[in-house]
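Quick notes on the structure that follows.
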């Protein structure tokens, strides 16, 4: 999938932008706070029906404006043109359309335009709670497996209903608990099996990227833990019910799954330097791209937001080699250092566009400058 052009109105600090992109590499140069990340976020929105940074849609409307609109024109792998539209007015529901036809369920759009983003916010994958690492698995698998996304939605609905019962101060019939626990167990087993299969296949891809970027200096691992591995998930939920009633929420289930991230056999959260953490995160995301590319029907878009910060020169050079090769499809990359971008352009030597972003205004830089 290639994003040929985008139109943005009143999205975050971008009042208006009409941009035509290169099918290979698009570089955005500017100082921090100018709107580079907001531009990438608009591209992200068209894939996931939401912002990567702020899930409250109305807060993404530019200050003093009453609405935002993002429109993208894509060329599919079969050369078909796909028009994607998202618009929202304050105090109204957002509209999301494909070729002028509005979606009845936004989840139907997920995976149609596969996308991988690497950004400073990824640090939460290491420093944050287990929910961040589960979300990482969910975002990858949901883009190529509709059964997984449907099971995850069903599980979360049943979990929410069970938690309502757990909080009830009235006596609750055991049959009511069983209805939602059976729903959690049935959907949760699907989610568990697919997460486990994903991680098994994902690990060697991730390790290969980390090894390349670090020049084989460290060894990394991923270990997936789940209550569903212990025994039948329904039995786990029933056994935990009395304790859950005391706490007022569900303590066990696949919503508590953990993805342990290790460096040299120890948690990277505790052992890793800033450069090692950044390398780990970039390797995770590039492996995510590679995995989606193998599993899906369309080459994902790759968004690289300020990825060179906190990396030494040798690791920057290795990433430039990767990005400059023909392994990836269309790439969008931001940086405050023009030198990094020029190095990538030199490596690629092919089709690219360079843009300057200043105070929400995006302008193309001629290739001879």
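Checked against the criterion of being under 30 Å from residue 308 (Cβ atoms), part of a helix (DSSP H, G or I), without any contact (Cβ under 8 Å) to a residue 40 or more places away in the chain and out of contact with any helix residue (DSSP H, G or I) (no Cβ under 7 Å at 6 or more places or on another chain), region 237-260 contains not a single residue that satisfies it. Taken over region 30-67, residues that are in contact with a helix residue (DSSP H, G or I) (Cβ under 6 Å, 6 or more places away or on another chain) and closer than 21 Å to residue 99 by Cβ amount to 1.
When 121, 151, 187 are checked against the criterion of being over 28 Å from residue 46 (Cβ atoms) and either surrounded by 16 or more Cβ atoms within 10 Å (Cβ to Cβ) or in contact (Cβ under 8 Å) with a residue 24 or more places away in the chain (or both), 187 stands alone in meeting it.
Answer yes or no: is there a residue in region 56-69 that is surrounded by 21 or more Cβ atoms within 10 Å (Cβ to Cβ) and in a loop (DSSP other than H, G, I, E, B). Write out each step before concluding.
Of the residues in region 56-69, the ones surrounded by 21 or more Cβ atoms within 10 Å (Cβ to Cβ) are 60, 68.
When the remaining residues are screened for being in a loop (DSSP other than H, G, I, E, B), the result is none.
No; the residues of region 56-69 include none that is surrounded by 21 or more Cβ atoms within 10 Å (Cβ to Cβ) and in a loop (DSSP other than H, G, I, E, B).
Taken over region 133-142, the residue count meeting the criterion of being more than 10 Å from the chain's Cα centre (by Cα) and touching a residue at least 40 places away in the same chain (Cβ under 8 Å) is 3. Considering region 190-223, the residues that are touching a residue at least 12 places away in the same chain (Cβ under 8 Å), within 29 Å of residue 157 (Cβ to Cβ) and out of contact with any strand residue (DSSP E or B) (no Cβ under 8 Å at 6 or more places or on another chain) include one that is surrounded by the most Cβ atoms within 10 Å (Cβ to Cβ), namely 191. State all residues of region 14-43 that are assigned to a loop (DSSP other than H, G, I, E, B) and touching a residue at least 40 places away in the same chain (Cβ under 8 Å); if no residue qualifies, say none. 21, 22, 23, 24, 30, 31, 32, 34, 35, listed by residue number. Taking region 164-177 as the range and being part of a helix (DSSP H, G or I) and exposed (fewer than 15 other Cβ atoms within 10 Å of the Cβ) as the test, the residues that pass are 164, 167, 174, 175, 176. Residues of region 327-360 being in contact with a helix residue (DSSP H, G or I) (Cβ under 9 Å, 6 or more places away or on another chain) and over 20 Å from residue 43 (Cα atoms), which ones? Answer for region 327-360, where residues must be in contact with a helix residue (DSSP H, G or I) (Cβ under 9 Å, 6 or more places away or on another chain) and over 20 Å from residue 43 (Cα atoms): 327, 340, 343, 344, 345, 346, 347, 348, 349.
Only the coordinates and a few stated rules stand behind these numbers; no lab work does. In this text, all values refer to a predicted model and were calculated from it rather than measured experimentally. With ideal geometry, Cβ positions are generated from the backbone for all residues, glycine too; neighbour counts draw on all protein chains shown.
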